[in-house]
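**Q** Got a structure here, written out as structure tokens. Questions coming.
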Amino acid sequence: MMGVNMAEATNEQIAIKATYFSIIGNTSLALIKGAAGIFGNSYALIADAIESTADIFSSVLVLFGIKYSNRPADENHPYGHGRAEPLITFLVVGFLITSATIIAYESIENIQTPHGLPKPFTLFILGAIIIWKEISFRLVMKRSKETNSSSLKADAWHHRSDAITSVAAFIGISVALIMGKGYEAADDWSALFAAGFILYNCYHIFRPALGEIMDENMYEDIIEEIRKVAITVQGILGTEKCFIRKSGMKYHVDLHALVDGSLSVTDGHELAHKLQDTLHQDIPELGNILIHIEPAGHRH
């Protein structure tokens, strides 16, 4: 017996608004960082601008993924289109790896090439950027938790990695300005460190998305909540097997429910639907729920 709970429009709207916020913010920062890096003689800022440019494209991908993954189920996709989200997350990780590689290559080139000191005004710009990106990270991460969106979580980590690269740039420029001649490369070393940090974050973004694609068992907290809700339904004596697959912003459930073995098929059918309705009401993030009725004391 299967019930379908359509993706909530409110979750989709929250995620889309957060993505538009990321696109507008990253576009503005890419322009500011690029101009400041060129006129301020700071490759760390230019590297930061490269990452923000990559973030623009990744945020556009996230927007597409959220809209596509929330399309309703159809004949060819009975479980909906939610798996598009982790696939988009993989592409986002690809953008991050590409930007980190470019930054690392250019940093090594600049370390080997003599150049002037960065301009002091770049520190003020970086200070404002760090604060803005950390605020952006917290806002988008909050939205990703509200909507259970893996691609939005990846987008949030873009903001955090951007903040860290800006911190690295701030430190590198500060060292170069304080120590003076002979320390011009401190700016470039900070950009190289930032590239390494971006690659480190790639793993933390990639790993949960891979688990989602592979139907990995990593939702014990939701399983526990499902079991607690199930036994509140009159006639449900307990639960046995419970498997969860995440798809987009929804969790699809296979649940074995224990009932009185003397129930008729009709009564068992009605009880299963009552359990489905209760689970959907108490745990809105659940999608398809497949209930298998078993007589208590006769487990497989």
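**Q** Taking Val253 and the conditions (1) more than 30 Å from Leu126 (Cβ to Cβ); (2) in contact with a Pro (Cβ under 6 Å, 6 or more places away or on another chain); (3) open to solvent by less than 30 Å² (accessible area, probe 1.4 Å), which numbered condition does it fall short on, given that it satisfies the others?
**A** (2)
**Q** Just to be sure, is Pro72 outside any helix (DSSP H, G or I) and either closer than 17 Å to Ala163 by Cβ or touching a residue at least 40 places away in the same chain (Cβ under 8 Å) (or both)?
**A** For Pro72, the condition - outside any helix (DSSP H, G or I) and either closer than 17 Å to Ala163 by Cβ or touching a residue at least 40 places away in the same chain (Cβ under 8 Å) (or both) - is met.
**Q** Considering region 99-116 alone, what residues qualify as being exposed (fewer than 13 other Cβ atoms within 10 Å of the Cβ) and not in a loop (DSSP other than H, G, I, E, B)?
**A** Selection gives Tyr105, Glu109.
**Q** Is it true that some residue in region 4-20 is over 28 Å from Leu290 (Cα atoms) and in contact with a Pro (Cβ under 7 Å, 6 or more places away or on another chain)?
**A** The answer is no, given that none of the residues of region 4-20 is over 28 Å from Leu290 (Cα atoms) and in contact with a Pro (Cβ under 7 Å, 6 or more places away or on another chain).
**Q** Being in a loop (DSSP other than H, G, I, E, B), without any contact (Cβ under 8 Å) to a residue 12 or more places away in the chain and over 20 Å from Leu152 (Cβ atoms) is the filter here, so list the residues in region 191-226 that pass it.
**A** If we filter region 191-226 for residues that are in a loop (DSSP other than H, G, I, E, B), which is where we start, we get 214-219.
Next, from what is left, pick out any that are without any contact (Cβ under 8 Å) to a residue 12 or more places away in the chain: 214, 216, 218.
Residue satisfying the conditions is Met214 alone.
**Q** Here is a further query. Name the single residue, out of those in region 218-250 being charged (D, E, K, R) and open to solvent by less than 60 Å² (accessible area, probe 1.4 Å), that is modelled with the highest pLDDT.
**A** Here the answer is Glu240.
**Q** When you scan region 61-76, how many residues do you find that are farther than 15 Å from Glu12 by Cβ and surrounded by 16 or more Cβ atoms within 10 Å (Cβ to Cβ)?
**A** Here the count works out to 1.
**Q** So, Ser151, is that one touching a Gly at 6+ places or on another chain (Cβ under 6 Å) and surrounded by 18 or more Cβ atoms within 10 Å (Cβ to Cβ) or not? Full working, then the answer.
**A** Values: touching a Gly at 6+ places or on another chain (Cβ under 6 Å): yes; surrounded by 18 or more Cβ atoms within 10 Å (Cβ to Cβ): yes.
Against the criterion (touching a Gly at 6+ places or on another chain (Cβ under 6 Å) and surrounded by 18 or more Cβ atoms within 10 Å (Cβ to Cβ)), Ser151 qualifies.
**Q** Name the residues in region 75-88 that are outside any loop (DSSP other than H, G, I, E, B) and of a type in the set (Asp, Glu), would you?
**A** Of all residues in region 75-88, those outside any loop (DSSP other than H, G, I, E, B) come to 84-88.
Glu85 - this is the single residue of region 75-88 that is outside any loop (DSSP other than H, G, I, E, B) and of a type in the set (Asp, Glu).
**Q** Return the pairs, sorted by first residue and then second, in which the second residue is open to solvent by 40 Å² or more (accessible area, probe 1.4 Å), the first residue lies in region 21-49 and is at positive phi, the beta carbons are less than 9 Å apart, and the residues are 6+ apart or on different chains.
**A** Asn41/His115; Asn41/Leu117; Asn41/Lys119
**Q** Does region 133-148 include one or more residues that are open to solvent by 30 Å² or more (accessible area, probe 1.4 Å), over 17 Å from Leu29 (Cβ atoms), at pLDDT below 80 and out of contact with any strand residue (DSSP E or B) (no Cβ under 8 Å at 6 or more places or on another chain)?
**A** Of all residues in region 133-148, those open to solvent by 30 Å² or more (accessible area, probe 1.4 Å) come to 134-135, 138-139, 142-143, 145-146, 148.
Pick out the ones that are also over 17 Å from Leu29 (Cβ atoms) and you get 142-143, 145-146, 148.
Filter once more, so that each one left must be at pLDDT below 80: 148.
If we keep only those that are out of contact with any strand residue (DSSP E or B) (no Cβ under 8 Å at 6 or more places or on another chain) too, we end up with none.
Within region 133-148, not a single residue is open to solvent by 30 Å² or more (accessible area, probe 1.4 Å), over 17 Å from Leu29 (Cβ atoms), at pLDDT below 80 and out of contact with any strand residue (DSSP E or B) (no Cβ under 8 Å at 6 or more places or on another chain).
**Q** Filtering region 204-217 down to residues that are open to solvent by 70 Å² or more (accessible area, probe 1.4 Å) and within 12 Å of the chain's Cα centre (by Cα), which residue is farthest from Gly82 (Cα to Cα)?
**A** That would be His204.
**Q** Which of the residues spanning region 40-60 are open to solvent by 30 Å² or more (accessible area, probe 1.4 Å) and either over 19 Å from Val175 (Cα atoms) or among the β-branched types (Val, Ile, Thr) (or both)? Even if it seems obvious, please write down each step before you answer.
**A** Of the residues in region 40-60, the ones open to solvent by 30 Å² or more (accessible area, probe 1.4 Å) are 41, 46, 50, 53, 56-57, 60.
Once the filter is applied, which keeps residues that are open to solvent by 30 Å² or more (accessible area, probe 1.4 Å) and either over 19 Å from Val175 (Cα atoms) or among the β-branched types (Val, Ile, Thr) (or both), region 40-60 yields Ile46, Ile50, Thr53, Ile56, Phe57, Val60.
The values are calculated or read from the model by the stated rules, or taken from the named source; none is laboratory data. Source: prediction; values computed, not measured. In this analysis, Cβ positions are derived from the backbone assuming ideal geometry, glycine residues included, and neighbour counts consider all displayed protein chains. When the accessible area is computed, the model is the full protein with side chains, heavy atoms only, and any ligands, DNA or RNA have been set aside. Shrake-Rupley method; radii C 1.70, N 1.55, O 1.52, S 1.80 Å.
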